[in-house]
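Here's the structure, in structure tokens; my notes come after.
The values are calculated or read from the model by the stated rules, or taken from the named source; none is laboratory data. Just so it is clear, the structure is predicted and the values come from calculations on it, not from any experiment. All Cβ positions, even for glycine, are placed from backbone atoms using ideal geometry, and neighbour counts span all protein chains on display.
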Amino acid sequence: METTGIDVATDRIVEFALLKIGLNGEESWLTSRVNPGVPIPPQATAIHGISDADVANEPRFKEIAPKLAAFMDDSDIAGYNSMRFDVPLLAEEFMRAEVNFDFKNRKYIDVQVIFHKKEQRTLVAAYQFYCKKQLENAHSSKADTKATYEVLKAQLDTYNDLSNDIDNLASFTETGNRSVDFVGRIVLNEKGEPTINFGKNKGKTIRELHISDRNYLDWILKSDFPLYTKKIITDIIKENGGK
């Protein structure tokens with residue numbers, strides 16, 4: 001993803017590139033620039049080179065969200081720093097577009113986590129270290145996505161303890177973060193219950209607060225929290241017979 005900034009809750013996608021790898025190794029791409037509907041800050045343009053003029057005639061995310069969701073529908077998800085940024089940002093965009101994409105029932109592999117556990121570097125350095133090549137056009141979404149896939153394949157060739165299957169890679173990628181909403185506002189406690197992870201009610205479950213302090217949950221739902229965080233809370237309230 002190339003975006004208007006780094007705030008998951010408020011920033012927007014201006015370009016995306018997805019590489020889909022089939023079980024037989026077949027590769028297919030889905031790429032597009034996106035009109036974010038808000039100005040692209042100069043500091044963001046300075047990084048990825050995409051300006052307001054470049055996306056003025058491009059589709060809004062809502063227009064292409066169904067096609068994007070269909071492309072990803074049968075897939076697990078891998079990326080570089082994807083669990084901290086790309087996935088939660090994408091969840092927000094789908095929510096705004098009113099596309100009900102299921103993020104729960106799939107596995108996630110973060111190539112950056114593998115790299116940092118093994119070597120502690122950036123994508124440019126990872127590409128040079130593993131692939132012995134200079135990354136041209138860094139911060140263009142397609143070049144970065146292609147490099148990420150090449151790094152992942154080179155990691156599999158480099159480390160004997162990494163086997164080429166989704167379960168192994170997803171397990172290795174796990175960092176102990178039991179986040180439910182991607183941004184860490186809601187986590188699973190030791191019993192596997194969605195629990196508040198900030199503020200005065202940190203450690204209390206959503207179900208507990210639904211009974212004892214519904215006003216607190218309503219405050220979250222009305223405040224500037226990520227839409228996906230609000231969806232998790234709303235779903236739990238509905239499961240417990242609330243509205």
Worksheet entry | Yes/no for ASN168 being part of a helix (DSSP H, G or I), out of contact with any helix residue (DSSP H, G or I) (no Cβ under 9 Å at 6 or more places or on another chain) and either without any contact (Cβ under 8 Å) to a residue 12 or more places away in the chain or exposed (fewer than 14 other Cβ atoms within 10 Å of the Cβ) (or both) | yes
Item to complete: Go through region 105-146 and give me each residue that's of a type in the set (Lys, Arg), at pLDDT 90 or above and at negative phi.
Response: ARG106, LYS107, LYS133, LYS142, LYS146
Response to the item:
The lone condition HIS139 fails out of (1) part of a helix (DSSP H, G or I); (2) in contact with a Gly (Cβ under 8 Å, 6 or more places away or on another chain) is (1)
Worksheet item: Does ILE109 fit the bill of being touching a Leu at 6+ places or on another chain (Cβ under 8 Å) and assigned to a helix (DSSP H, G or I)?
Response: no
Practice prompt. Give the residue that is surrounded by the fewest Cβ atoms within 10 Å (Cβ to Cβ), with candidates limited to residues of region 179-208 that are hydroxyl-bearing (Ser, Thr, Tyr) and either modelled with pLDDT of 95 or more or over 16 Å from LYS104 (Cα atoms) (or both).
Written response: THR205
Worksheet entry | Top-ranked residue in region 209-243 [being under 24 Å from the mean Cα position of the chain (by Cα) and of a type in the set (A, V, I, L, M, F, W, C); ranked as surrounded by the fewest Cβ atoms within 10 Å (Cβ to Cβ)] | LEU221
Worksheet item: Here are some residues: ASP86, ASP76. Which one is within 13 Å of the chain's Cα centre (by Cα), touching a residue at least 60 places away in the same chain (Cβ under 8 Å) and either within 13 Å of THR4 (Cβ to Cβ) or surrounded by fewer than 20 Cβ atoms within 10 Å (Cβ to Cβ) (or both)?
Response: ASP76
Discussion item. For the structure I just gave you, tell me whether HIS116 is touching a residue at least 60 places away in the same chain (Cβ under 8 Å) and either touching a strand residue (DSSP E or B) at 6+ places or on another chain (Cβ under 6 Å) or not aromatic (Phe, Trp, Tyr) (or both).
Written reply: no
Discussion item. If I ask for residues that are out of contact with any helix residue (DSSP H, G or I) (no Cβ under 9 Å at 6 or more places or on another chain) and small (Gly, Ala, Ser), which ones from region 126-158 would you list?
Written reply: ALA143
Response to the item:
Per the filter on region 151-179, residues among the acidic types (Asp, Glu) and either in contact with an Asp or Glu (Cβ under 7 Å, 6 or more places away or on another chain) or closer than 16 Å to ILE77 by Cα (or both) are ASP165, ASP167, GLU174
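Residue-by-condition table, conditions (1) under 17 Å from the mean Cα position of the chain (by Cα); (2) within 24 Å of PHE16 (Cβ to Cβ):
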position	(1), (2)
LYS118	no, no
LYS132	no, no
GLU136	no, yes
SER141	yes, yes
TYR159	no, no
